[in-house]
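The values are calculated or read from the model by the stated rules, or taken from the named source; none is laboratory data. For clarity, every value in this text was computed on a predicted model and none was experimentally measured. Ideal geometry is used to build each Cβ from the backbone, glycine not excepted, and the neighbour counts take in all protein chains shown. These accessible areas exclude ligands, DNA and RNA; they are computed on the full protein's heavy atoms, side chains included. Shrake-Rupley method; radii C 1.70, N 1.55, O 1.52, S 1.80 Å.
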Amino acid sequence: EEIGTRGAETSAYSVRPDVGLAFDVTHATDYPGIDPTKHGKIVCGQGPVIARGPNINPEVFERLVAAAKAEGLPYQIEAEPGVTGTDARAIQMARGGIPTGLVSVPLRYMHTPTEVICLRDLEATVRLITRFAQDLAPDTSFVPGLGGAVTENAEGKAAGADADADADASDASA
């Protein structure tokens with residue numbers, strides 16, 4: 001992405017994925033000299049960062065949150081009011097549009113010789129992306145309102161965007 005997202009553009013075009021996830025780093029704001037009012041509150045050691053905004057598919061976002069909850073992972077949410085500056089935009093714009101999400105690792109001192117991440121955040125990010133992929137089914141829909149982001153946690157209980165609605169529906173029928 002640092003040299004123009006050309007790899008993401010050509011890959012998304014030729015592969016024709018049903019869904020895309022961009023993996024990147026984002027500015028941590030827990031050190032002196034960075035303005036949290038500009039970048040939000042992002043802290044090293046508090047988990048992966050899931051982006052939300054107009055260029056992020058809402059069903060992909062909900063499925064990422066559901067996957068984090070199902071795995072018991074800490075996570076942070078970052079508001080992206082426009083283009084993210086990552087491969088997510090290139091993937092999202094390929095062909096007729098690809099439902100895309102963005103997961104980032106908090107990074108201190110970006111674009112300096114002393115960049116710092118928390119290894120726990122990196123490990124949690126891998127677990128998050130793995131769970132997201134495992135929860136996909138061949139008939140998964142990423143159309144808002146039709147996706148059904150439901151996963152099960154370690155106790156076998158539903159977690160995710162539709163879990164509360166399912167529980168409410170079963171309570172109402174009882």
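Before moving on, here are some points about what is shown:
- Rounded accessible area of Glu123 (nearest 10 Å², 1.4 Å probe): 120 Å²
- Of the residues Met110, Met93, ranked by 1.4 Å probe accessible area with the largest first, the sequence reads Met93, Met110.
- Inter-centroid distance (Cα atoms) of the range 76-104 relative to the range 105-125, Å: 20 Å
- For the range 82-122, the square roots of the Cα gyration tensor eigenvalues, ordered a ≥ b ≥ c, give a/c of at least 1.5 with a/b greater than b/c, which places it in the prolate category.
- 1.4 Å probe accessible area per residue over the range 10-100, in Å²: 48 Å²
- Stokes-Einstein diffusion for the range 37-83 at 10 °C, viscosity 1.306 mPa s, with a Kirkwood radius from C-alpha pairs, works out to 140 µm²/s.
- FRET E, pair Tyr31, Ala133, Förster distance 35 Å, beta-carbon r, rounded to 0.05: 0.60
- Overall form of the range 16-112 per C-alpha gyration tensor (a/c, 1.5; a/b vs b/c): oblate
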